[in-house]
Amino acid sequence: MHASTSAQAPVTVLGLGAMGQALAAALLDGGHPTTVWNRSAGKDEELVAKGARRAATAAEAVAAGPLTVVCMTDYDASQAVLEPLADTLRGRTLVNLTSDTPERAREAARWAAEAGIDYVDGSIMVPTPVIGLPDALILFSGTRSAFEAHEPSLRALAGNLPFLGTDPGLAAVYDLAMLNIFYSAYGGLLRSFAMAAAEGVTAADFAPFALEIGKIMPPIIEGIATDIDARTYPGAQANLAMMAAGVEHVLHAGRAKGVDMTGLEAVKASADRALAKGFGEQGFTSIFEVMRTDEPA
């Protein structure tokens with residue numbers, strides 16, 4: 001059912017945690033008639049005051065329009081709500097913004113296809129205060145025609161809505177890979193602050209220099225991507241053997257001050273495996289060869 005695709009099309013939101021409330025509020029701000037439902041009572045009061053329609057049941061909420069957006073803790077929670085709604089959802093579009101793994105997204109898509117439901121999976125890449133703003137990023141994958149039909153409504157949620165492909169797991173793939181960068185970098189930054197603090201350097205004094213490292217990363221990311229796709233790892237400027245020695249110096253200094261260096265020790269372990277495979281004269285990016293699986297899933 002690809003109906004009601006105007007900018008003011010009705011939308012249903014299932015799940016009113018902090019993110020679900022932000023999604024519903026953005027839809028209301030965008031002028032969409034918005035129906036809301038949550039498993040536990042009391043989380044819809046502000047939304048109802050803003051004009052949302054409270055549904056007594058999830059089935060009533062889904063029946064209110066052609067597009068249902070669900071955002072819950074994980075796919076166990078979302079599927080527990082959605083599976084009894086298969087008949088009501090049939091012929092409608094389901095956009096699942098619940099965070100989980102790529103395979104869980106694919107399982108949900110298979111269930112939806114068998115039930116005659118147009119399925120789009122999505123990953124929200126911003127915190128709740130950014131929802132609805134032009135800079136907000138939400139990744140999508142799944143049924144392209146359903147995404148395109150309801151894109152005007154989804155634009156109330158975020159200004160940046162890349163559609164990654166028809167594999168419904170792709171949004172989660174990108175999501176988790178991006179979060180790995182975030183959490184790994186966050187941990188590395190905290191470790192650096194700990195190393196500086198161990199030598200009497202305040203976080204405020206070190207922070208501007210941490211920012212300098214951040215500035216050099218964009219071209220490095222682009223270069224790494226080019227090398228990985230070409231499976232060539234030039235090492236003339238800085239080969240793996242030299243870089244691994246640098247990592248060891250950092251580890252030695254941190255350990256000497258009692259800093260937890262676990263994260264960087266994992267990098268060194270990967271570097272050592274790559275060295276053992278003969279990549280010493282190639283670039284640091286050659287570590288990818290011992291991290292990757294032989295073939296994509």
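Miscellaneous remarks
- Some residue of the range 199-207 being part of a loop (DSSP other than H, G, I, E, B), in the same structural domain as residue 258 (by TED's automatic domain parsing) and polar (S, T, N, Q): yes
- Pick from the range 28-67, criterion in a strand (DSSP E or B) and of a type in the set (D, E, K, R), ranking: surrounded by the most Cβ atoms within 10 Å (Cβ to Cβ): 53
- Close pairs (7 angstrom Cβ cut-off, 6 or more residues apart or separate chains): assigned by TED's automatic domain parsing to the domain that holds residue 280 in the range 215-243, part of a helix (DSSP H, G or I) and of a type in the set (Ser, Thr, Tyr) anywhere: 224/285; 227/285; 228/285; 233/285; 233/286; 240/286
- Test: residue in the range 219-236 that is more than 30 Å from the chain's Cα centre (by Cα) and within 19 Å of residue 292 (Cα to Cα): yes
- Qualifying residue in the range 68-87 (condition: β-branched (Val, Ile, Thr), surrounded by fewer than 23 Cβ atoms within 10 Å (Cβ to Cβ) and either touching a residue at least 12 places away in the same chain (Cβ under 8 Å) or in a strand (DSSP E or B) (or both)): yes
- If you filter the range 106-134 down to residues that are closer than 15 Å to residue 179 by Cβ and touching a residue at least 40 places away in the same chain (Cβ under 8 Å), you find that the one that is surrounded by the fewest Cβ atoms within 10 Å (Cβ to Cβ) is 125.
- Residues satisfying the stated conditions in the range 105-128, i.e. out of contact with any helix residue (DSSP H, G or I) (no Cβ under 8 Å at 6 or more places or on another chain) and part of a helix (DSSP H, G or I): 106, 109, 110, 113, 114
- Among the residues of the range 237-274, those identified as more than 29 Å from the chain's Cα centre (by Cα), assigned to a loop (DSSP other than H, G, I, E, B) and not polar (S, T, N, Q) are 238, 257, 258, 259.
- Taking each residue of the range 184-203 that is over 12 Å from residue 264 (Cβ atoms) and looking for partners that are modelled with pLDDT of 95 or more and surrounded by fewer than 16 Cβ atoms within 10 Å (Cβ to Cβ) with beta-carbon atoms closer than 6 Å, six or more apart or interchain, yields 193/203; 198/257.
The values are calculated or read from the model by the stated rules, or taken from the named source; none is laboratory data. Note that the coordinates shown come from a computational prediction; the quantities given were computed from them, not determined experimentally. Glycine also receives a Cβ, built like all others from the backbone with ideal geometry; neighbour counts cover every protein chain displayed.
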